[in-house]
Structure formats: structure tokens, C-alpha cells
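Here the structure is laid out as C-alpha cells; the discussion comes afterwards.
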Amino acid sequence: MDAIDVIRDSPDLSIGGVTIPREYVEEHARCAKDEWHWMTKYVKVEDKNRGLILNFEPWEHLFTLLTLYHGEKRIIILKARQVGVSWFWAAIALHIALFVPNSSILMLSKTEDDAISFKSKAMFIYRHLPEWMKQPTGKDNDSTTTFPIMESQIRSFPATEGSGRGETATLVLLDEWAFHPYAETNMTAILPTVENATIVGISTANGRGGTGKYYYETWTKAEAGNSNFVPIFLPYDVVPGRDEEFLLAVAKDMAVYKVKGEYPRTAEEAFILSGTCMFDLERLGVMPITDVFSTLMGICEIYKNPVPDHDYVAGIDTALGIAGGDFSVCQIVDVLTGEVVAKVRGRIPIEEFGPLVYQLLKSYGHPFVIVEMQFQGSIVIKALKDGNTEDTGYPVHKIYHRSKNNAGWHTNESNRNNILA
């Protein structure tokens, strides 16, 4: 007699005082072992837009996620919108809580409302399970639900600066990870106490910088094989029935570049066409990219050599040049054609950046230059004025002054709004 025969012939099963009728004992055992069977047979999801309760969709990409979950401890997911991923992980969270003793699921979302919404998906699934499968809950509020029989819990919090510190977990779900304002801080706090947990970062893209920077860098490292995270990209068309006509329909209510950012075909498209950008991304997408004609000092990119009778202007935005920090940038523009003819961009120590751009600007005849004025901007202006051993420095009248004795452009809240208006 095998194990299934024993279960089949057993009386009603009692777990912590909850009785599972004899006819469901075998099914309960199968659900505990097979998440996919449990999801496809018992999980209900909600379509709030249409006011419908639907069966869980057994889409191929969701089964792929389940396979990945069983084989990996660190997963980063870059996805299009509305591909069923949030409901999938809400179901996984509930399955663990119902069937794995002493388990703890930690969900972190970008805001408190998002945290409540993510956990509510798991509890929606719970409420629509058959009665014989349910377990009584203990503490049950917006942030925490406990299941005393299994001594398990699901907790969901906004990703504030202190979130995750000291927490232990079986599974950590980072929902819309690219939008977490303290993503790196939270990860640093979480890792020491969840070393053996599965960590899953789920998100649509949020650009390559700003709040989305840590997610983007984690993704690129994972793609390059330089991370413990395993990457998986889910484009818009992983959902059956989505095609170009679907995108055209969505575009009726959304800018084209937004459609491509929210429903990308490729990971590159997702990052380029997402995030906060004040430029017309549709125009940027069709603008020709000029090949580098030559370089100066190995780092300055020259697209077009100086033309004697052309006027040029330059802009400089500076940073400290530290690893992982912002880039310092200098661009030179041909006034006649509007083309960027030369550029230097990199995490270059500020004491090296000033002399470097001096040489680049000098090669274009000392164009009128505007330097963003912070502490490091003043270092660059000094380097320009000092010049080098071969000359007396940059012509002062060619450096933008906001007043007679104050060189450089100073961005403040007022003029920033005017610039971006």
C-alpha cells in the first residue's frame, strides 16, 4: 500500500483542530505539493475594471516563473503591464502561508496603498478558496495576516527607508522595485537576515537613473551574469492575443512613447522609454545616431571636426566622479546646424574633468560655455580660467556669468520650473 492509498483510506484529516473531510484529504495533499495544480483549479483573481471574478490563467510565462522559483533564490523580473505577475506572486505567497509551517512572506511596495493592494490580492484568493481548504486567520489587518495553525504570516509594507531591517522571511517580494525610493538601502538591510530566503524583484522599468537606477543596475548586472539574481523579461505579448492591434488600441488613450515604455517589446525599449524625461522621446527614437569620428585624449568623443567659420556653444554639468555616482558631461553644439559635434561623459574625478574639458573646448575655438554651478562646478570654472602652461586661460567673456563676479549657472526651484515648463 503506497502513501496515496493510506491517505485515501484514512478518516477525516485534522490539522491543528481544523478538519479536512475524508473526500478532500488526497486533494489537500496534492495541492500542498503542486502549486500549479492548486492555482489552476482553485485560485480566483479579480478584474476590477470589468467587475469580474475570473479563474487564474495558466499562461506559459507564469509556469516559467514557477519553474524559476523552484530553482533560484534570487530573481529579477522586468515586465510589461498587466501580464498576471502580481496575481501569480500573491498566489505563491498564500500557498506558502497555507502549506509551509513556520513560513513568513514579506512584501515591500512603493507606497502604503500599493502595499495594501498587493497583500489584498492574496487575501482575495484566500476568501474564494473552498471552505475545506481555508484555515482560520489570527491577526488580520491591512499590513499583516497570520495563520496560527501553520504559524505562518504574510506581511506587506511600503518601502520606506527603514523597511526590511531586522526582518526574517521565507519569501521576499519587491513589488514595482524600480520605483522604491530606498531600493539599495532596503536591500542592504534585508540581506543579512534573509540569506536563505527567496528574493524576487518585480517591476516595470523606471528609466536608468533617479529612483530606477538601482533596479536598472541590478538588472544589467544580472543580464551580464555578474549577479546572484537571475533575470527574466516578460514583453507585452506574453499574454495570448496581444499584438500590434492591441498596442494601437492602447495608444488611443496614451502617448506612443508611454505605450512602448509600459508595454515594451524588449528590455532595452523598456528602459529607454520609461522613467522621467523632459525630452520628446518619440523624436529621440527616430533621430539618427552619429558615429564617433575620432577621440581626444581617449575619452572625448568627436562627431564632427571644428569648422573655422562656425560658431559653437557648450554646456557642462558636473559630478564628483565617484564610483556609482552621476556622470560629468560636457557637450559642444554647432550653432549653425544644431548638431552635437563633441562630447565627454563619464565618472571622471572632478580635478581631472576640468583640464580635460578645457582641452576639448580649446580645440573648438573657445566656444561660449555655461557651467552648472555647484561646488564641483566652481572647480571646473577655475580650471578653465587657469588654462594650462601653454596659454593664459579661457577668455572670461566666453564663460557665462549670472552677474559680474559670479560665473556659472545656478539652478534653483524657480528657474528649474521655468526651464521644464
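In table form, for the structure just shown:
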read-out	value
Fewest-first sequence of Asp317, Asp140 by Cβ atoms within 10 Å of each Cβ	Asp140, Asp317
For His401, distant residues with modelled amide H under 5 Å away	Gly408
Other-chain or far-sequence residues with amide H under 5 Å of Gly393's (modelled H)	Asn388
The chain, helix-only ellipticity at 222 nm - DSSP H runs n ≥ 4, -39,500 (n - 2.57), divided by all residues, nearest 500	-10500 deg cm²/dmol
Debye intensity ratio in log₁₀ form over the Cα atoms of region 122-171, taken at each q of 0.15, 0.16, 0.23 Å⁻¹	-0.49, -0.55, -0.97
With Cα atoms, 0 to 90° folded angle of helix 375-386 axis to the chain main axis	20
Between helix 350-363 and the chain: long-axis angle, C-alpha atoms, 0 to 90°, nearest 10	50
Karplus-derived 3J(HN,Hα), 6.51/-1.76/1.60, for each residue of region 31-36, Hz, glycine and proline x	4, 5, 8, 10, 4, 5
Percent antiparallel among DSSP beta bridges (both partners in region 38-284, rounded to 5)	25
Pair-distance profile P(r), taking every C-alpha pair of region 356-395, with 10 angstrom steps and integer %	30, 59, 11
Largest to smallest principal axis extent of the C-alpha atoms in the chain, angstrom	97, 48, 41
³J(HN,Hα), Karplus 6.51/-1.76/1.60, whole Hz, each residue of region 152-168, x for Gly, Pro	10, 7, 10, 10, 9, 9, x, 7, 7, 4, x, 5, x, 5, x, 7, 10
Principal axes of region 294-420: Cα extent on each, largest first, Å	38, 32, 31
Net charge, Glu217 excluded, C-beta distance under 12 Å - Lys, Arg +1, Asp, Glu -1	+1
DSSP loop GluC sites (Glu not before Pro) with at most 16 other Cβ within 10 Å excluded, longest remaining stretch of the chain	196-338
On Cα atoms only, tilt of 60-71 relative to the major axis of the chain in degrees	90
Bridge type composition, region 294-420 - antiparallel percent by DSSP, nearest 5	75
Per-residue ³J(HN,Hα) for region 233-249, Karplus 6.51 cos²θ - 1.76 cosθ + 1.60, θ = phi - 60°, Hz, x for Gly and Pro	9, 10, x, 4, 8, 5, 7, x, x, 7, 9, 4, 5, 4, 5, 5, 5
Among the listed pairs Lys110/Lys221; Lys252/Lys304; Lys213/Lys404; Lys48/Lys213, those beyond 29 Å (Cα-Cα)	Lys252/Lys304; Lys213/Lys404; Lys48/Lys213
Average projection area in nm² (convex hull over Cα atoms of region 64-157, one quarter of hull surface)	6.5
Val341 long-range amide H proximity, modeled H, under 5 Å	Ile332, Val333, Asp334
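Every number here is computed from the coordinates shown, using simple stated rules; none is lab data. Fair warning: this is a prediction, and the values are worked out from it, not measured in the lab. Here the Cβ is made from the backbone with ideal geometry for all residues, glycine too, and neighbour counts use every protein chain on show.
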